Every structure is written in C-alpha cells, then in structure tokens.
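Quick notes on the structure that follows.
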Amino acid sequence: MPYIYRYALIVSIGGFLFGFDSALISGLVPSITQAFNLNQLQLGFVISAPALGAALALCFVGKIATYRGRKGALVLVSRLYCLALMMALLSPNYTLLVLARLLCGVAFCSLSLSSMYLGEVSPSAIRGKLVSINQLSLVVGLCLAYIVNFALINTLSHYLLAQHLWRGMLALELIPALSWFILLRKIPESPRWLLSQGLENQAKLSLRQVLPNTEFLNTWSSLKSNKETSPTSAIKALGNLFSWKMRRLFIIGFFLAFMQAATGMNAILVYAPSVFSQLGFTENAALLQSAYIGITTLIFTLFSLYLVDRVGRRPLLLWGLAFAVLSHLTSWYAISTAPQRLSHEFLESLEQLFDLSLPLVVDSVYSSKSALEIALAEYLSGPQLALISQQQWHLAQELNANLVLAGLLGFIAAYSLSLGPIMWIVFSEVFPSSIRSIATPFFALLASLGSYLSQLLLPWQLAELGAANTFFIYAANGFVALIFIAIVLPETKNQGLEDISRLLVANGDA
C-alpha cells in the first residue's frame, strides 16, 4: 500500500481545481466586467457557466468511465480542462469566454469520477479517508483562492491593466491543471474495471499496487467470483438502477443528493454577508465571510477525514444532520425573536414607498415584528402593510448577531463533517460495479440540480417567507433526511464493496 495515498492526492487535484476556480472567479468580477463591458445578466452567465458545464458532462461521463475506464475518463477530463483554461485566457470576446467557462465545467464532474475511482482502489480500512481527500482538496482550493485574491490582485494591478487582470489570475490555474494532467498518467487503472474487460493480469498487477498483501488475496478472490465479462450498457445500467431490487440504493442516493441542497448550504453562503453587516463589518463583509466560512469548512473537513474510518459513515451522518438541524433552529430563533427598532433607515424606506410622513418616535423598540405591525396599522392600511418587503423589515431588526453567526457557522461545521464529504464516500461504496459508473454521476447530477434550484429559489424565499421561515424550512428538511438516513443507510465501514452491494441489493429482495 505504499502508493495509495499518492494516487488519492493526484486524483483529488480535480476537486482542488473546482474549489480554486469557484472562489478565484469571485475576485475577478470587476476586471471581467470592465474588459467586456458586461451587464449583470452577462456576468451571471460567465460566473455560472461551469456549473452548467458540469451538469451537462455528468449526463455522459458515466458512459465514458464504463468504456474508457476510470483512469481514462479522468485523463480525458483533465485534458479538456487544460484546453478550456487556455481558451479562456485567449478569449477575444464575451461569447468565447462563456464557451470556455462552460467547457471548464467538464472538469468539475471529476468529483464523481474520482470518488468512483478511489472507492474501487482503496483498502476497506481507509476507503472513507481516501475518498474524503476529494472534499478536503476542494476546501483547500477555496481557501487558497481567497488568499490569492487578497494577496495578488492588488500586486498584479500594478503591472496589468484592469481589463487584463483576470487573464493574469486565471493563468495561475494552468499550473495545477497541467500538473493534474501529467500526474494522472502515473496512477493505475481500477482493477475492477480491468477485470470487467477481461484483462486479468493487468487487474492483478493494479490491485497489488494499491492493496496490502494481507488484503490482496481475499479481495482478488471476491473480484473473481463477482467478475463481469463485459461492461453493462448505459441504458441497461440505468434501467437496473430504477429496478425494484435497487430501491434501497435509489432511496439512499436520492436523499443524500437532494439533502445536500435542501438543508441550505447555498443559502448560508448567500445570507452570510447580511450577518457580517449586522456585526458592523460593512466594508469587509465579503472578505470576512470568506475567512470565517473557509476556516470553519477546512477545520471540520479535517475532522471528518480523521473520524470517518474510526467512527463510521452512519454515525457521522446522523450526528452531523442532528447538529445541522439544531444550528438552523438557532438561526431561526435568533431572527424570529429579534426585537424591532424604528430606525431612520426603516422609516425613510416606508416614507419613500408610501410618500407620507409617519408620526412615530424614531428608535422606538418593539418586542417583535407583530408588535411593530400593530403600531404601524394605526397609520397604514392592510394592503399597504402587505407591500412592505422582507428587505425593509430587515432594516428594523435588531439581531443577536453572535447567535445568528453561531447558527450559521454551526451548520457549516456540521455540513463539512457529514453531508459534504460523506455523500461521495457512500456513492463510492454502495452501488454494485455493474451500475457504479452510471449511478454515481446520476446522483451527482441530482445534487447539482438541487444546488441550482436552491440558489434559484433563495431570493424568493427571503422576499416572500423571510429569513426566519427559510431557516425553519431547512431545519425541517434536515430532520426528514435524518429520519430516512437512520432507516435506510447501514454502516459500510471496513466492508468490501462486493459485501456492501450484496447487503443492500439482496436484503429482502432475493
């Protein structure tokens, strides 16, 4: 087993690139906007194009992994990413930049490919730790990009015109991208895939490179007894995934993928600047958000890496989800019980809306939003009260900022300890080899779509339901996930992949 950690680090560079690019681009918004004179909608396409590219790539990456192998698919993805980066650097106009960014998203489907690969080559005793390196690499990429944005943008601005600054920053990505492409050629192919192709000698050689001698004979015997003579077609594999005998696996995959978004990680990232503004750090809100979120995510991802093969997947998921629910309820309580103050800003926003002067005492304090509504009802009609937006009500709130911040960071910690990394571990373990190359990208696609929908609905939720109710909904979603995971997910720690598949597929279905 001398090289397995090296292979895991090489494969996980794709996760690093995903995190690095996602955070780096946020610091380049002014430069890109100036370079191409973009409006907000055009800028949104530039920023979000990789997410769309990843979703499109997940539709066919499983088939590539089936017919070209796990290593072959990773090498192809890394080559495309290098080409996309160079295309972005040289883009002379907005259209080509969007197309290049769309192609960059292809690399981000490497998260599902690498979890599939590491799940198949890792010794059972450390499989969870090795698959978790993906998530750790992503977090390290995020944190490093925040540092790069802070440290280099001002430095490079002395040497590059503002409209070319983004090219200089994106050029930094070529270093890890090219390294990833070169290093991937040094990893062995998955022995399970090689055996499915009838390449028995190569499969045995590959297995010896990644397993200790004490585990080699048992694993090889298990692989031989479960050998597939040919790869399952994508249509047949997808049909098997939806079959009745796979219902437990489908429920596990669906709930893990859906709940990654439904518990509100994206909502936390969007709402955090308002919290820091309440703390009085208006000018540095974005930087502080990055620092707090990045540090919390990194620390608890490291905890997950340490605990996942000691404590197990199921306990971490259940305790993590329970703490996530508690954290959301903390934020809900802090916001819903916050007293209301008739601030100058709140009164001015109302007077602009209704074009009248309200005879209310500035800085009067009310125990709750309903108490303030009763006071305003003396001067405003019901339809007028209904016109006051959640953003305006927010101007009157006196949040316990420390309590809200504790809830936000508590959820980030819980997510980083449980749902964030463990979803990929479970995906790498529970699916039978005959459908793994289809099932893993399929549920990764569901997770991506769920993430997109949560971002799409968040502005409406905050405007129509308010922040307190939004957090309560996320807490309820987390509770539902907790119940279902407790019922359907067994512990998979220290079990062979074939044993896990037999347990989940045949249990009650034989």
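The values are calculated or read from the model by the stated rules, or taken from the named source; none is laboratory data. Owing to the predicted nature of the structure, the values given are computational and were not obtained by experimental measurement. Every residue, glycine among them, receives a Cβ derived from its backbone with ideal geometry; neighbour counts consider all protein chains shown.
Structure notes:
- The residue list A65, A49 contains one member that is out of contact with any His (no Cβ under 9 Å at 6 or more places or on another chain) and surrounded by 22 or more Cβ atoms within 10 Å (Cβ to Cβ), which is A65.
- Test: residue in the stretch 426-434 that is surrounded by fewer than 21 Cβ atoms within 10 Å (Cβ to Cβ), touching a Ser or Thr at 6+ places or on another chain (Cβ under 9 Å), modelled with pLDDT under 80 and not assigned by TED's automatic domain parsing to the domain that holds V77: yes
- When S48, S31, S91, S22 are screened for being over 26 Å from Q197 (Cα atoms) and not in a helix (DSSP H, G or I), only S91 passes.
- Residue count for the stretch 305-355 under the criterion of being in the same structural domain as P421 (by TED's automatic domain parsing) and of a type in the set (D, E): the result is 1.
- Qualifying residue in the stretch 287-303 (condition: at pLDDT 75 or above, within 21 Å of A406 (Cβ to Cβ), of a type in the set (A, V, I, L, M, F, W, C) and crowded, with 20+ Cβ neighbours inside 10 Å): yes
- Residue count for the stretch 461-510, restricted to those that are of a type in the set (S, T, Y), at pLDDT 75 or above and closer than 23 Å to S428 by Cα: 1
- Yes/no for V29 being surrounded by fewer than 23 Cβ atoms within 10 Å (Cβ to Cβ), free of Cβ contacts under 8 Å to residues at least 24 places away in the same chain, out of contact with any His (no Cβ under 7 Å at 6 or more places or on another chain) and farther than 26 Å from E429 by Cα: yes
- Any hit, the stretch 132-154, residues being among the small types (G, A, S), exposed (fewer than 15 other Cβ atoms within 10 Å of the Cβ), modelled with pLDDT under 75 and not assigned by TED's automatic domain parsing to the domain that holds L419: yes
- Filter result for A162 (modelled with pLDDT under 80, farther than 22 Å from T66 by Cα and out of contact with any Asp or Glu (no Cβ under 7 Å at 6 or more places or on another chain)): yes
- Residue list for the stretch 305-327, filter: under 16 Å from Q260 (Cβ atoms) and either among the charged types (D, E, K, R) or without any contact (Cβ under 8 Å) to a residue 24 or more places away in the chain (or both): R313
- Output for the stretch 308-328, where each listed residue is in a helix (DSSP H, G or I) and surrounded by 19 or more Cβ atoms within 10 Å (Cβ to Cβ): R313, L316, L317, G320, L321, A324, V325, S327, H328
- Any chance G253 is at pLDDT 70 or above and more than 30 Å from L417 (Cα to Cα): no
- Y117 being more than 14 Å from I10 (Cα to Cα) and among the hydroxyl-bearing types (S, T, Y): no
- Any hit, the stretch 108-131, residues being at pLDDT below 80, within 22 Å of the chain's Cα centre (by Cα) and outside any helix (DSSP H, G or I): yes
- Unique match (being assigned to a loop (DSSP other than H, G, I, E, B) and surrounded by fewer than 24 Cβ atoms within 10 Å (Cβ to Cβ)) among L103, L38, L80, L99: L38
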